[in-house]
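The values are calculated or read from the model by the stated rules, or taken from the named source; none is laboratory data. The model shown is predicted, which means the values in this text are computed figures rather than measured ones. Every residue, glycine among them, receives a Cβ derived from its backbone with ideal geometry; neighbour counts consider all protein chains shown.
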Amino acid sequence: MDKDNGTTFVGLNRMSEELRVHKRTINKWFRELSDRHLIERHQLKFNGRCCTHVMPYEIPTHSSF
């Protein structure tokens, strides 16, 4: 992963092989991360590659009362 812009060039097949899970599981994880606004995924053309971006976030701090 490029730490400056949050991009990676790892494909779905490689991810599923490395993590030893089915590709559908990887897609489910991507959907969960996207629903939580931790990543954004864009598909440039039908049945084409997806571009996934890791979104910046802040760790919430607890204020004392």
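Here are the numbers for this structure:
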item: Among residues of region 2-13, those that are on the phi < 0 side of the Ramachandran plot and either in contact with a strand residue (DSSP E or B) (Cβ under 7 Å, 6 or more places away or on another chain) or surrounded by 10 or more Cβ atoms within 10 Å (Cβ to Cβ) (or both), counted; result: 6
item: Search result, residues across region 14-41 that are touching a Cys at 6+ places or on another chain (Cβ under 9 Å) and either over 20 Å from residue 4 (Cα atoms) or exposed (fewer than 10 other Cβ atoms within 10 Å of the Cβ) (or both); result: 30
item: Residue, nearest to residue 2 (Cα to Cα), within region 42-65, restricted to residues that are among the aliphatic types (A, V, I, L, M) and in a loop (DSSP other than H, G, I, E, B); result: 55
item: Check on residue 59, of a type outside the set (Gly, Ala, Ser) and surrounded by 10 or more Cβ atoms within 10 Å (Cβ to Cβ); result: no
item: Given (1) of a type in the set (Ser, Thr, Tyr); (2) under 23 Å from residue 58 (Cβ atoms); (3) touching a helix residue (DSSP H, G or I) at 6+ places or on another chain (Cβ under 9 Å), number of the condition residue 25 does not satisfy; result: (2)
item: Qualifying positions in region 26-65 - within 17 Å of residue 10 (Cα to Cα), of a type in the set (Val, Ile, Thr) and free of Cβ contacts under 8 Å to residues at least 40 places away in the same chain; result: 26, 39
item: Condition check for residue 58: acidic (Asp, Glu) and modelled with pLDDT under 90; result: yes
